[in-house]
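The values are calculated or read from the model by the stated rules, or taken from the named source; none is laboratory data. Small disclaimer: the values here were computed from a predicted structure and weren't measured. A quick note on method: Cβ atoms are made from the backbone with ideal geometry, for glycine too, and the neighbour counts reach across all protein chains shown.
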Amino acid sequence: MISCIHRSASSVAALLCAWALVAQEGTEPELVTGTFAGTQVVNAHSVEVVPRKRSFGFMIQHRFGTLGADEQLWKQFAGLDLPANIRFSFQYAPFRHAQLELGRSKNGKVWDLGAKFRVLKQTVENEMPVSLTVMASAALMSDDQPTVGERDFFADGSTPFAYRFEHRLSYSAQLILARRFNAWLSMQVAPVAVHRNLVAVGEHNFTLATVVAGRFKVSPKGSVLVEAAPIVMGHRPGHRLEPLAIAYEVATQGHIFQIVLTSGQEIIEQRAYTMPASRYDEGQFHLGFNIARTLLVKPKAPKH
């Protein structure tokens, strides 16, 4: 019998000991499910992945033009008449607790490819108190590059500037730590690192944000989602407003619909946390929506 009574044991050792007892008893702990309804909170990725091996996910994320509390509110039909950004993404679970994702956004004609892995899952009896997911992605800007003049130089001020393929690339990586506190409240925090190979003079190649998000269930199918992303490193010069988002979500079996208000049009991490936010301190936001559909594939029957 394994003894776990030791007052000086660290919390990590106690956690490992609890798992050892579970393994010794031959039973698996009951896992917490539904921390978030889908793989996205609003703009940020949630701790969730496509829930079953060989299953698929599809998402449409749409952000309209600037919505302001002035005479343009009606003239521009709450921003619906203005240029919008839209992203389509496809997800696939090659094995349990993992997904691959391919997306394409209108702004910049950006293609993004990501991989997401569920490392830890919260348990009902708190043997594991939190869930942990890791994610990394790469993005390719496929739009035409702006024209380069004869007097454009690299940051050293002497080397003539010329576009290269790697200038189109940017990358992101993040750790997503989440906990479902009860049937109505879930929270997560996610440090997100972004690297862009090409930035304007005076901007930063590296950006670090800390995304904090929450889900508050207000009915069996309805939830309010909030999201804030304070920029820790790499602010754009002259822009100090942090990205914000709020949404109302309706989730059913296999379908999720969200009506959202965000501080910007950009969606993927490489742009959402590096582009300036709209002046929400002056009442400017972007109306939009997210639609997600999960297509579950039945597990293969065991071979006899």
Please find, among G234, G238, G254, the residue that is under 23 Å from G108 (Cβ atoms), at pLDDT below 95 and in contact with a Ser or Thr (Cβ under 7 Å, 6 or more places away or on another chain).
G234
Checking the structure you have, find out if any residue of the range 170-180 is in a strand (DSSP E or B) and touching a Lys or Arg at 6+ places or on another chain (Cβ under 7 Å).
yes
Give me a count of the residues in the range 133-173 that are exposed (fewer than 15 other Cβ atoms within 10 Å of the Cβ) and of a type in the set (S, T, Y).
5
Taking the range 80-111 and the residues there that are assigned to a loop (DSSP other than H, G, I, E, B) and in contact with a Ser or Thr (Cβ under 7 Å, 6 or more places away or on another chain), the one that is farthest from T39 (Cα to Cα) would be L82
Here are some residues: Q270, Q258. Which one is buried (at least 22 other Cβ atoms within 10 Å of the Cβ), within 18 Å of the chain's Cα centre (by Cα) and outside any strand (DSSP E or B)?
Q270
Could you run through the range 278-304 and say how many residues are touching a His at 6+ places or on another chain (Cβ under 7 Å) and either in a helix (DSSP H, G or I) or buried (at least 24 other Cβ atoms within 10 Å of the Cβ) (or both)?
1
Can you tell me which condition Q76 does not meet? The list is (1) within 29 Å of V189 (Cβ to Cβ); (2) surrounded by 14 or more Cβ atoms within 10 Å (Cβ to Cβ); (3) at pLDDT below 95, and all the others hold.
(1)
